[in-house]
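Since every read-out is calculated from the coordinates, none of them should be taken as a lab result. Everything numeric in this text was worked out from a predicted model, so none of it was measured. Here Cβ is always computed from backbone atoms with ideal geometry, including for glycine, and neighbour counts include all displayed protein chains.
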Amino acid sequence: MSHILINPQFCISYYITLFNSQQAQQYQIETEYPGNYMYNMFCHTEMLEDIGDILPSMENMYTYSIPPRMPSLNMTAAPPVSFFEWQIKHEEEKLAALSYVELTTRDGDGDTFLHIAVAQGRRALAYVLGRKMAAIGMLDMKEHNNQSAFQVSVAADQHLIAQDLLLLGAEINTMDCWGRSPLHVCAEKGHTSTLQAIQKSMQTSGRQVNMEVINYDGLTPLHVAVLSHNAVVQELCCYGTPPSAQNLALLQKRKLLGDCISTLLLMGASLETKDRKSGRTALHMAAEEANVELLRLFLDQTNYFSVINAKAFSGNTALHMASALQGRQAQVDAVRLLLRRGADPSAKNLENEQPAQLVPDSPLGEQVRRILKGKGPQSRS
């Protein structure tokens, strides 16, 4: 049976509805739906003739003979829009009339609209407000604690917002009223995701971040992270090993702080930097808590040999500090690890004391003392 092609803009199935049900049953429409969303409609020749009789006014509305294949229609779809992009557009429409005065107005705590949006975790709103603030050079406005919106995002561990604000040009090398840089805050609280967002943004933009910035206590971010990790290790020792909700939370925090320390090292934090008050390096700090996890991490660094026998202001090396510990089960492992990596058991502090002379009297101390004497210069001769 012969078929002809009907221009798809005149949908025959629509006109069939004009017939009564008896007439409609006399016709059959074959429709194809190719994968490119174009379609061809075919019908019997007899059907067209009857339609012409029933709807004579339709004769000039379609062509009886057209090419067998229609040209491709341009049906390119618009690029997909993410939910975040949709939110941005929605917020832009709502804030289109926001004035300069409204943007920079502060509340009783010194917070702008941007500070509040960041604290509430409203990313799209914070992005739109941040872009407007950046356009007028006010992105780094501080509240009463001397924190910019970026610093608030770091304190709240809003890593996506922190990344957005950095891309908009937020200042990274800035301090709050407590003398903390954003890196110090991440190091203290274990905000690994935010620290990694900062690292990624710095790599992408090529901007420099001061890894050796010190706080009011004379500590770098790496020092702060080590001390925070030490505190968690000490707390875990106090609670013991039985599993509990508190222990699990501490274990998670220890992991986050460990990840922060690894990230700081990847970002270029130096093991050689000493704190301003006592002259301790990060290795000294790990040793004074017999923190074997961090000792291993630091001694696996390529430049560890420059700090293995470094002395604090007291003349103590990391081995002195590990040897002087009392009642720590990890002390033996810490001393052995330091000796294995080149720590000098004959080194003397300002009191002319060697590590073995600092070991407390106890069964555990006797074991440590024997290890130190076995590794001493007298045993090598």
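Filtering region 359-369 for residues that are among the acidic types (Asp, Glu) and over 29 Å from LEU236 (Cβ atoms) leaves an empty set. Scanning region 250-305 for residues that are outside any helix (DSSP H, G or I) and of a type in the set (S, T, N, Q) gives SER270, THR273, SER278, THR281, ASN291, GLN301, THR302, ASN303.
Looking at this structure, is ALA124 in a helix (DSSP H, G or I) and surrounded by fewer than 18 Cβ atoms within 10 Å (Cβ to Cβ)? No: the conditions fail for ALA124. Among the residues of region 338-364, those that are surrounded by 19 or more Cβ atoms within 10 Å (Cβ to Cβ) and in a helix (DSSP H, G or I) comprise LEU338, LEU339, PRO355, ALA356, LEU358.
For region 307-315, indicate whether the set of residues that are aromatic (Phe, Trp, Tyr), in contact with a helix residue (DSSP H, G or I) (Cβ under 6 Å, 6 or more places away or on another chain) and within 21 Å of VAL213 (Cα to Cα) is non-empty. So far as region 307-315 goes, no, none of its residues is aromatic (Phe, Trp, Tyr), in contact with a helix residue (DSSP H, G or I) (Cβ under 6 Å, 6 or more places away or on another chain) and within 21 Å of VAL213 (Cα to Cα).
The residue of region 168-195 that is surrounded by the fewest Cβ atoms within 10 Å (Cβ to Cβ), among those that are of a type in the set (Ser, Thr, Tyr) and in a loop (DSSP other than H, G, I, E, B), is THR174. Among the residues making up region 205-238, those that are among the polar types (S, T, N, Q) and touching a helix residue (DSSP H, G or I) at 6+ places or on another chain (Cβ under 6 Å) are ASN215, SER228. Within region 144-156, can one find any residue that is in contact with a Gly (Cβ under 6 Å, 6 or more places away or on another chain) and either surrounded by fewer than 20 Cβ atoms within 10 Å (Cβ to Cβ) or not in a helix (DSSP H, G or I) (or both)? Yes, some residue in region 144-156 is in contact with a Gly (Cβ under 6 Å, 6 or more places away or on another chain) and either surrounded by fewer than 20 Cβ atoms within 10 Å (Cβ to Cβ) or not in a helix (DSSP H, G or I) (or both).
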